[in-house]
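Here the structure comes first, spelled out in structure tokens, and everything after it is commentary.
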Amino acid sequence: MIETLGVIILFVFIYYILPTIIICGGYLLYKIWSANPYEVEKVQQMKHTVKLANAGNQNAILACEEDYQIRKSIRYVDGQIIAHYSVPSWMTLRAFGF
């Protein structure tokens, strides 16, 4: 009984689960390989600008305020209003063609 269950589980893994993993993994590798280098570079520059702005760099803060694609949130911490900038996740996904 237990041996039969093991054989059934092995059969399901080999014929159903393993091919699905291989196909999905191959598709993800294709998407990463065929990414638009311009979009990837743009997202990397935006992330760098956001990192500098969150550290307090005034030029980066102005660049973040001018860029409509960068998300801005405001938090109230210790009696002060603090602006926090972030790059939307859809920008990264768009760079890879999703």
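The values are calculated or read from the model by the stated rules, or taken from the named source; none is laboratory data. Bear in mind that the values here come from a model prediction, so they are computed numbers and not experimental data. Every residue, glycine among them, receives a Cβ derived from its backbone with ideal geometry; neighbour counts consider all protein chains shown.
Listing for the model above:
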read-out	value
Residue check for L29: at pLDDT 85 or above, surrounded by 10 or more Cβ atoms within 10 Å (Cβ to Cβ) and outside the structural domain of G97 (by TED's automatic domain parsing)	yes
Looking only at segment 33-48, and only at residues there that are surrounded by 11 or more Cβ atoms within 10 Å (Cβ to Cβ) and hydrophobic (A, V, I, L, M, F, W, C), the one that is modelled with the lowest pLDDT	A35
Flag for Y85 being without any contact (Cβ under 8 Å) to a residue 40 or more places away in the chain, outside any helix (DSSP H, G or I) and surrounded by 10 or more Cβ atoms within 10 Å (Cβ to Cβ)	yes
Check on E3, farther than 24 Å from W90 by Cα, assigned to a helix (DSSP H, G or I), out of contact with any strand residue (DSSP E or B) (no Cβ under 6 Å at 6 or more places or on another chain) and of a type in the set (D, E, K, R)	yes
Residue in segment 69-88 that is modelled with pLDDT under 85, over 23 Å from the mean Cα position of the chain (by Cα) and at positive phi present	yes
